[in-house]
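Remarks on the structure that follows.
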Amino acid sequence: MRDARGMAPHPPLEIPGNLRARLEVARLDLLALFRALDRVLLSPDEIPQRLLRQLFELDADLAEALWALDQVEGTLDRRAMLRHTLTVLDQLASLSDRFRKQLPARAHPTLELLEASIRPALSPKEAYSMVPGRDPESV
């Protein structure tokens, strides 16, 4: 094993300037999907529950990343957070597509219309729902 003193230190971590905006957009897009899904007349058996749970988990990861961006530098492993967050953002589109494709075909037009009407009506503050210290419901 090499002595850590002989290793070059990590350069300072650059958080992409657009990361917060990407996280906010992703959370609002998911919120629109969840609200639209709630209004489509589907039975639980018609909704791919495993994929829905995975979408909820990704949403929680996005909320956690928004929280982490507000933390004082040095309190978290920002490299691990950034690596995980970028992975989540990369997975989100394909998981959302798979989820939609597994819904009954009759639900697709209604879901699309509902999402298209819900998404623009969402406040940017709603991206911080359930984010400790930033949740619009508790602030």
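Find the helices (runs of 4 or more DSSP H) located wholly in the stretch 49-128 whose residues include 3 or more that are without any contact (Cβ under 8 Å) to a residue 40 or more places away in the chain, within 29 Å of residue 13 (Cα to Cα) and touching a helix residue (DSSP H, G or I) at 6+ places or on another chain (Cβ under 9 Å), and list them. Quick ask: steps written out before the conclusion?
On the way: elements: 49-69, 78-101, 108-118.
Fully inside the stretch 49-128 and qualifying: 49-69, 78-101.
May I ask you to list pairs of residues, at least six apart or on different chains, whose Cβ atoms are under 6 Å apart, with the first in the stretch 1-27 being more than 22 Å from residue 76 (Cα to Cα) and assigned to a loop (DSSP other than H, G, I, E, B) and the second being at pLDDT 95 or above and open to solvent by less than 70 Å² (accessible area, probe 1.4 Å)?
none
Does at least one position in the stretch 83-90 carry a residue that is surrounded by fewer than 13 Cβ atoms within 10 Å (Cβ to Cβ), of a type in the set (Val, Ile, Thr) and within 19 Å of the chain's Cα centre (by Cα)? Explain how you work it out, then say what you get.
Keep residues of the stretch 83-90 that are surrounded by fewer than 13 Cβ atoms within 10 Å (Cβ to Cβ), which gives 83, 87, 90.
Applying the additional criterion that residues be of a type in the set (Val, Ile, Thr) yields 87.
This time we only want the ones that are within 19 Å of the chain's Cα centre (by Cα), so: 87.
The answer is yes; a qualifying residue exists.
Every residue in the stretch 33-48 that is closer than 17 Å to residue 94 by Cα and assigned to a helix (DSSP H, G or I), please.
Correct list: 33, 34.
Would you be able to say whether some residue in the stretch 59-70 is closer than 20 Å to residue 114 by Cα and either of a type in the set (S, T, N, Q) or open to solvent by 70 Å² or more (accessible area, probe 1.4 Å) (or both)?
Step one: filter the stretch 59-70 for residues closer than 20 Å to residue 114 by Cα, giving 59.
Those left that are additionally either of a type in the set (S, T, N, Q) or open to solvent by 70 Å² or more (accessible area, probe 1.4 Å) (or both): none.
No, every residue in the stretch 59-70 fails to be closer than 20 Å to residue 114 by Cα and either of a type in the set (S, T, N, Q) or open to solvent by 70 Å² or more (accessible area, probe 1.4 Å) (or both).
The values are calculated or read from the model by the stated rules, or taken from the named source; none is laboratory data. This is a predicted model, so every value here is computed, not measured. Here the Cβ is made from the backbone with ideal geometry for all residues, glycine too, and neighbour counts use every protein chain on show. To get the accessible areas, we keep the full protein, side chains included, count just its heavy atoms, and leave off ligands, DNA and RNA. Shrake-Rupley method; radii C 1.70, N 1.55, O 1.52, S 1.80 Å.
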